[in-house]
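The values are calculated or read from the model by the stated rules, or taken from the named source; none is laboratory data. Computed from a prediction, not measured in an experiment: that's the story for all the values here. Note: ideal-geometry Cβ built from the backbone for every residue, glycine included; neighbour counts use all protein chains shown.
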Amino acid sequence: MKEKGHQPVMLEEVCEYLHIKTPVKTEKKPRIIDATLGAGGHTSALINLGAFVLGIDQDERMLEIAKSNLKQTCLALNSNVERCLKIVRGNFRDIVKIAHTYDFFNVDGVLYDLGVSSFHFDNDYRGFSFKNEENPLDMRLGGADVGIKASDLLNSLRKDQLVELFNVVLDGGAARRLAEKIVRAREEKPFEKVGDLLKIIENNKKSKIHPATNVFLALRMAVNSEIDSLSASLSDVLGLLKPGGRIVVISFHSGEDKVVKHFFRLWEESGFGNVLTKKPITSGTKEFAENARARSAKMRVFEKK
């Protein structure tokens, strides 16, 4: 079950900054944690270059896709899966617990490719995309057994809480107006489907993006506690690296990038290592043309002393 059309963002740069640019010829394989496994695109490249990878993802459907894709990668190398990688369902906020459970510490590198994959939009049934108005407003990356739905937040949060939620991506006035519309709309009919939310989103003709894009982004980030999970993970992850090990983070939103910059700066000022990317790395023009997801991507890298 291969994810059609999926292209891992900044693949060459990831391999380069994780120090895995050519096939490893030694018996001792570099140990890499892919904290956001997805369909396994980055991990597949790392395995092909000789790394042993611990892949983590909270989405059960993505894990099924990754297992299928990566099994083929290992077979092409005349190796079984157990010698190439370990795959775990979990949230990267628990990265240290997961790593120790699988005896995966003193690692060479950790990769975070934040946000959601193209699969979630192209095969949407949980309301990540606003293209199908009949889809449920769910947005849970961890599946139906984890957390609360987007519709639950829209139906239960107070107006001031909704304003705070949407302030992440909208200016104060727009966030307040949207919150007021949500409160009025749910008095008549609870939010259930994507179309229920689309009806009340303002159409800003000056904007270059669809007016629902940032609204859905803020809601998805809130449903999955994405900023809190990233902060929790980065608070603990440095201890998993060996000296000279690197953390590579690809972010797609200013809120994520702000968290990454904060931790990298804190670590450098505390003498734990060096930020290797004073300015974030962005995708080239060619990748922009081939992979729409790459357009907003920013990559930052930290090396531990």
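Table for the structure above
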read-out: Top-ranked residue in region 115-172 [being among the hydroxyl-bearing types (S, T, Y) and assigned to a helix (DSSP H, G or I); ranked as farthest from S251 (Cα to Cα)]; value: S156
read-out: Some residue of region 82-89 being in a helix (DSSP H, G or I), under 18 Å from P23 (Cα atoms) and at pLDDT below 95; value: yes
read-out: Residues of region 114-137 classified as buried (at least 16 other Cβ atoms within 10 Å of the Cβ), within 16 Å of L197 (Cβ to Cβ) and touching a residue at least 60 places away in the same chain (Cβ under 8 Å), total; value: 5
read-out: Single match in D103, D108 (criterion: in a strand (DSSP E or B), under 26 Å from L85 (Cβ atoms) and modelled with pLDDT of 90 or more); value: D108
read-out: Residue check, V194 among the hydrophobic types (A, V, I, L, M, F, W, C) and touching a helix residue (DSSP H, G or I) at 6+ places or on another chain (Cβ under 8 Å); value: no
read-out: Test: residue in region 44-59 that is assigned to a helix (DSSP H, G or I), under 15 Å from the mean Cα position of the chain (by Cα) and either in contact (Cβ under 8 Å) with a residue 24 or more places away in the chain or within 24 Å of G239 (Cα to Cα) (or both); value: no
read-out: Checking I209 against (1) among the aliphatic types (A, V, I, L, M); (2) surrounded by 19 or more Cβ atoms within 10 Å (Cβ to Cβ); (3) closer than 24 Å to R295 by Cβ, the condition it does not meet; value: (2)
read-out: Looking only at region 202-260, and only at residues there that are in a loop (DSSP other than H, G, I, E, B) and among the charged types (D, E, K, R), the one that is nearest to L54 (Cα to Cα); value: K208
read-out: First in region 190-202 and in contact (Cβ under 8 Å) with a residue 12 or more places away in the chain, second anywhere and polar (S, T, N, Q), Cβ under 7 Å, 6 or more apart; value: P190/N155; F191/S151; F191/N155; E192/S151; K193/N135; V194/N132; V194/N135
read-out: Single residue of S270, S231, S283 found to be surrounded by fewer than 20 Cβ atoms within 10 Å (Cβ to Cβ) and closer than 17 Å to Y112 by Cβ; value: S231
read-out: Failed condition for A294, given (1) assigned to a helix (DSSP H, G or I); (2) of a type in the set (A, V, I, L, M, F, W, C); (3) at pLDDT 95 or above; value: (3)
read-out: Unmet criterion (only one of (1) at pLDDT 95 or above; (2) over 22 Å from N224 (Cα atoms)) for D34; value: (2)
read-out: Residue in region 160-171 that is in contact with a Phe, Trp or Tyr (Cβ under 6 Å, 6 or more places away or on another chain) and among the polar types (S, T, N, Q) present; value: no
read-out: Among the residues listed as V237, V260, V275, the single one being closer than 20 Å to E16 by Cα and in contact (Cβ under 8 Å) with a residue 40 or more places away in the chain; value: V260
read-out: Matching entry among F166, F130 (being within 25 Å of A297 (Cα to Cα) and either of a type in the set (K, R) or in contact with a His (Cβ under 8 Å, 6 or more places away or on another chain) (or both)); value: F130
